[in-house]
Amino acid sequence: MNTDTLTPALTPASSSDLNIVFATNNPAFSARLMALMATEYPQVAVCTPDDPAARHAQVAACWHPPVDLLQRCPGLQLLQAVSAGVDHLGDILMHSGLPVSRVVDEGQQQGMLEYVLWGVLHHQRDFDLALSNQQAKIWQLHPQRQAGRMRIGVMGLGQLGGFIAARLAGLGYPVSGWAGSRKQIEQVHCYAGEAERGTFLSSCDLLVNLLPLTTATEAILDASLFAELPPGAVVMNCGRGEHLNEQDLIDALSSGHLRAAVLDVFAQEPLPKGNPLWDQAGVIVTPHMASSASGQIMLAQLVENGYRQLAGQPLRNLVDIAKGY
Ligand code: NDP
């Protein structure tokens, strides 16, 4: 058993009573996590929602769980997303009255920083132009753009957005950020709320979306937002596909107002082969790969919160149900 990440007081003999149901929309993903559980936490009982033992599960490990999860698992006490975002739980489970927690992980923060930095460098240093010139065997040197002349804006200044904003500022980029409430991040100009959204957007040569998906943020990346960005801006969507109005993006790219978009997340995943984004000039498609916590971290946080729930201890990384993130 891996006890490194568990609080010693939370590994009593009664911990063997813990029963976790793996409620995901991906059988291979569930199977991988359950196999890892058997290795790392063999004393914890695991099942899927179809298993009769699911009736005795106290904790659900969730990634796009079935909507009838509570009917199949009437003993549930905790819904733990095996992800940073919790939008995939849907309204019924989010408002079931059960606590909802999620993954927060340093490795995931670092992974997101690397992904965003790649997108920043790709456009700051004109690698996009060099690559398209290579297709036509054109040798064309573009003047070097200094980091200090690439203004980056981060929408959402939480665990991920706040981290990458601070790190990019440390690398010499002028960084601004936007969130619901005012944040204090060294070297980052922080904006807050709807009233300051336009000023924030007007200062972004490259915009990174790291908002959670809620009713307030759905389709936030639309024509009106793009119009507030400076001409030639780049958009990176690392949040959720439903944040983006795809047709508005295609229009903004086709008109030349936007230079490019880096899209990691889509309303329908895998992105259907017929989706025009695959072939849209200026769009880079990546398969929801920006960052992920390791299986070990997901399970350590899952098991720790499971033990905490059984012991009546405060849970880690709880979601604010009213806010939806
Ligand atoms: P957090 O919950 O830690 O932070 C959310 C931030 O968004 C907060 O700063 C919050 O502001 C702000 N926010 C929320 N709603 C609004 C709004 N209506 N207007 C302005 N600001 C708002 O989230 P994380 O940083 O952990 O994750 C962000 C998202 O990244 C996840 O929800 C997920 O969708 C996505 N993600 C994508 C991955 C990928 O591989 N592509 C990997 C992991 C996550 P305030 O605090 O003031 O309320």
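Bear in mind these aren't lab numbers, they're just calculated from the coordinates by the rules spelled out. Here the structure is a predicted model, which is why all the values come from computation and not from measurement. Here the Cβ positions follow ideal geometry from the backbone for every residue, glycine too, while neighbour counts run over all protein chains shown.
Between the alpha-carbon centres of the stretch 255-274 and the stretch 146-174 there is a gap of 22 Å. Centroid-to-centroid, using Cα positions, the stretch 70-129 and the stretch 282-325 are 7 Å apart. Here the spin labels are modelled as points 7 Å beyond Cα on the Cα-Cβ line, and at W278 and S202 they lie 4.1 nm apart. Relative to the longest principal axis of the Cα atoms of the chain, the long axis of helix 295-311 lies at roughly 40 degrees. Working from Cα pairs under 8 Å separated by at least six residues, relative contact order for the chain is 17 percent. Taken over the stretch 159-259, the percentage of Cα pairs per 10 Å bin, counting from 0 up to the bin with the maximum distance, is 15, 50, 31, 4. Which residue, chosen from H56, G156, Q146, occupies the Cα position most advanced towards the positive end of the dipole of the chain, where the dipole is computed from +1 (Lys, Arg) and -1 (Asp, Glu) charges on Cβ about the Cα centre? Selected residue: Q146.
What you get for the chain, charging only the Cβ of Lys and Arg (+1) and of Asp and Glu (-1), is a dipole of about 560 debye around the Cα centre.
Which loop trypsin sites (Lys or Arg not before Pro) in the stretch 178-257, with loop taken from DSSP, have no more than 12 other Cβ atoms within 10 angstrom of their Cβ?
On the way: sites: R182, K183, R197, R240; in loops: R182, K183, R240.
Qualifying residues, ordered by number: R182.
Looking at the stretch 100-148, the trypsin sites (Lys or Arg not before Pro) that sit in a DSSP loop and have at most 10 other Cβ atoms within 10 Å of their own Cβ are K137.
Quick check on the chain: helices-only [θ] at 222 nm, where DSSP H runs of length 4 and up contribute -39,500 (n - 2.57) each and the sum goes over total residues. Nearest 500, please.
Numbers: 10 runs with 98 residues, N = 325.
One gets -9000 deg cm²/dmol as the mean residue ellipticity at 222 nm.
Shown for the stretch 230-325 is the translational diffusion coefficient from the Stokes-Einstein equation, using the Kirkwood radius over Cα pairs, a temperature of 25 °C and a viscosity of 0.890 mPa s: 152 µm²/s. Computed from Cα atoms, the angle from the helix 106-124 axis to the main principal axis of the chain rounds to 10 degrees. Size check on the stretch 78-163: the Cα extents along the three principal axes, sorted descending, read 61, 28, 20 Å.
Any chance you could run the full-extension gain for A147 through I321? It's 0.36 nm times the residue separation minus the Cα-Cα distance, nm to one decimal. Mind showing how you got there, number by number?
Working: separation 174, 0.36 × 174 = 62.64 nm, distance 3.89 nm.
Difference between extended and current length: 58.8 nm.
Specify the residue with the greatest mean-square fluctuation among A293, A261, A31, computed from a Gaussian network of the chain linking alpha-carbon atoms under 10 Å apart. Judging by the Gaussian network model, the answer is A31. Shape summary: the chain maps onto an equivalent ellipsoid whose semi-axes, from the alpha-carbon gyration tensor, are 40, 20, 19 Å in decreasing order.
Peptide packing: for 172-180, 151-159, the average count of neighbouring Cβ atoms within 10 Å per residue gives the ranking 151-159, 172-180, highest mean first.
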